[in-house]
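To start, the structure under review is shown below, and the notes come after it.
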Amino acid sequence: MSGIPSLLIENYLREAGFWHVATIGRGCKLDPKLISALIESWRPETYTFYLPCGECTITLEDEQLQLRLPVDGSALTGFVQSADWGIVCYDLLGVILDNIYRGQIEIGWLR
């Protein structure tokens with residue numbers, strides 16, 4: 001990602017708690033050799049890096065801690081405009097819930 005995101009979406013990113021993620025790569029130089037080494041050590045069948053010092057797995061908690069992503073509150077999805085949230089819910093989750101509020105469902109239900 002080059003530069004900062006458009007000012008048109010900055011407020012949305014800040015409101016969602018993702019502004020720092022959108023600007024995380026600025027000023028960093030990527031090392032192609034390091035990236036190649038990581039790619040070569042990745043085993044997609046086990047979702048694990050095989051390194052000389054042992055195995056390493058990156059978890060969602062690792063990503064949450066590194067990127068400081070919010071884990072409380074509403075889950076973020078792509079934009080969906082619908083008159084019938086039951087249909088959208090069924091398409092995405094395979095069930096129709098009776099407690100959908102403006103396209104939001106309780107995260108506890110997903111657990």
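The values are calculated or read from the model by the stated rules, or taken from the named source; none is laboratory data. Keep in mind it's a predicted model, so treat the numbers as computed, not measured. We place every Cβ from the backbone using ideal geometry, glycine too, and count neighbours over all the protein chains shown.
The residues of region 7-37 that are in a helix (DSSP H, G or I) and more than 21 Å from Asp72 (Cβ to Cβ), listed by number, are Leu7, Leu8, Ile9, Glu10, Pro32, Lys33, Leu34, Ile35, Ser36, Ala37.
Residues checked against (1) within 23 Å of the chain's Cα centre (by Cα); (2) at pLDDT below 80; (3) surrounded by 10 or more Cβ atoms within 10 Å (Cβ to Cβ):
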| position | (1), (2), (3) |
| --- | --- |
| Arg26 | yes, yes, yes |
| Ile35 | yes, no, yes |
| Thr46 | yes, no, yes |
| Gly54 | no, no, no |
| Arg68 | yes, yes, yes |
| Val71 | yes, yes, yes |
